[in-house]
1. List, please: which pairs have Cβ atoms under 7 Å, are six or more places apart or on different chains, and start with a residue in the range 200-214 that is open to solvent by less than 10 Å² (accessible area, probe 1.4 Å) and end with one that is of a type in the set (Phe, Trp, Tyr)?
2. For the range 187-199, give me each residue that is among the aliphatic types (A, V, I, L, M), open to solvent by less than 80 Å² (accessible area, probe 1.4 Å) and under 13 Å from Gln172 (Cα atoms).
3. Going through the range 269-291 one residue at a time, which ones are of a type outside the set (Ser, Thr, Tyr) and buried (at least 17 other Cβ atoms within 10 Å of the Cβ)?
4. Does any residue of the range 233-242 turn out to be under 15 Å from the mean Cα position of the chain (by Cα), closer than 20 Å to Ile132 by Cα, of a type in the set (Asp, Glu) and not in a helix (DSSP H, G or I)?
5. Among residues belonging to the range 67-77 that are in contact (Cβ under 8 Å) with a residue 40 or more places away in the chain and out of contact with any helix residue (DSSP H, G or I) (no Cβ under 6 Å at 6 or more places or on another chain), point out the one that is surrounded by the fewest Cβ atoms within 10 Å (Cβ to Cβ).
6. Which residue out of Val14, Val92 is in contact with a Leu (Cβ under 9 Å, 6 or more places away or on another chain), touching a residue at least 40 places away in the same chain (Cβ under 8 Å), within 15 Å of the ligand (Cβ to nearest atom) and among the β-branched types (Val, Ile, Thr)?
7. Listed residues Val252, Val308; which is open to solvent by 10 Å² or more (accessible area, probe 1.4 Å) and touching a strand residue (DSSP E or B) at 6+ places or on another chain (Cβ under 9 Å)?
8. What residue, among those in the range 17-49 that are in a strand (DSSP E or B) and of a type in the set (D, E, K, R), is farthest from the ligand (Cβ to nearest atom)?
Amino acid sequence: MGLSIGVVGATGAVGRKMVEILKERNIPVDSLRAFASERSAGEKFDFNGKEITVELLTEEVMKEKFDYLLFSAGGGVSEKFAPIAAEAGNIVVDNSSQWRMTEGIPLVVPEVNAHALEGYKGIIANPNCSTIQMMVALAPLHKRYGINKIVVSTYQAVSGSGHKAIVELEGQMKDESYPNKVYPRRIAANCIPHIDVFNDNGFTKEELKMVYETHKILEDSNIEVNATTVRIPVFYGHSESIYLEFKEEPDVKEVKEILANAPGVVVVDNPEQNEYPTPLEVANTDDTYVGRIRKDLFNAKALSLWVVADNLRKGAATNAVQIVEAMENMNK
Ligand code: A2P
């Protein structure tokens, strides 16, 4: 028998990808239901030849029986509706930041810590998009050399702010007078060192997510993480410049081998051929791409690398669907 799956926020940038990826990965879905607000309830779309009508999200409907509910409708919706669904015995995979740091709630990148799902039922948190791709690339290196410190700067696509941000960048690329609605500055032909709200310590919430989610996923809160998160005028695909200090001296050739053999990682690193990952090429794929791997000039135990992944796919929808796959494999 197939699965009954509900997607909450099914009309959004990530929700649409979730539906697409369920199809693409041949998840055996018997019944798919789609939920959103009154703005788009009643809209219709095709899923494997069946017409699906978007339903209004209500408390009552979350109490019905689903095998999995995939949430991507913002923190407020997850705060209110995910506990109702979980209380009713449903497994929720939540893409918002609402439950990520709550003790007892697994925060999972399947390539890294699928073990956190064993025997679990309830709300499961999907990590932040920038954290996911960083974990896929760094977990195998942490295992081999032990990471002491991570300094990361991100170059994040507008699709991470939802569908309206895609519309804003498109609008501003065509029209200089298009207003700033989603972002505090013009995003076209610019970059903005500000993602999510500022904290009293000078870091943004997005930057702090990268710190504390890393600690939770790698189960090591001794790793020093310093993040600067930046929005750039790219539609799809987040890039990250990462500097790492290890306990043991890494060997570049071995690092490339470890990464080439790591699940979900593709190494593209031939600078002499101008080969390195870029978001335009990586968009619409599910892997995490690593290039520009090089030893630091001053610290023998440090190296730098460049990591790119599709933020809507591996950074959100694909990771959520992989959590479903991991749970199903454990139940077999
Ligand atoms: P709607 O289409 O009805 O606005 P994005 O991240 O691309 O902006 O998408 C957000 C998703 O979350 C959309 O599917 C949106 O539905 C949904 N959503 C936002 N607020 C609510 C709400 N209060 N109840 C249900 N769905 C919501």
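1. Between residues of the range 200-214 that are open to solvent by less than 10 Å² (accessible area, probe 1.4 Å) and residues that are of a type in the set (Phe, Trp, Tyr), the close pairs are Thr204/Phe198.
2. Within the range 187-199, Ile187, Ala188 qualify.
3. At the first step, the residues of the range 269-291 found to be of a type outside the set (Ser, Thr, Tyr) are 269-275, 277, 279-284, 286-287, 290-291.
The answer is Asp269, Pro277, Pro279, Val282, Ala283, Asp286, Asp287, Val290, Gly291.
4. There is at least one residue in the range 233-242 that is under 15 Å from the mean Cα position of the chain (by Cα), closer than 20 Å to Ile132 by Cα, of a type in the set (Asp, Glu) and not in a helix (DSSP H, G or I).
5. Gly74
6. The match here is Val14.
7. Details: Val308 fails: open to solvent by 10 Å² or more (accessible area, probe 1.4 Å).
Testing whether each residue is open to solvent by 10 Å² or more (accessible area, probe 1.4 Å) and touching a strand residue (DSSP E or B) at 6+ places or on another chain (Cβ under 9 Å) leaves just Val252.
8. For the range 17-49, the residue satisfying everything is Asp30.
The values are calculated or read from the model by the stated rules, or taken from the named source; none is laboratory data. Everything quoted here is computed from the prediction, not taken from an experiment. FYI the Cβ positions are ideal-geometry reconstructions off the backbone, even for glycines, and counts take in every protein chain you see. Surface accessibility is based on the protein's heavy atoms, side chains included, excluding ligands, DNA and RNA. Shrake-Rupley method; radii C 1.70, N 1.55, O 1.52, S 1.80 Å.
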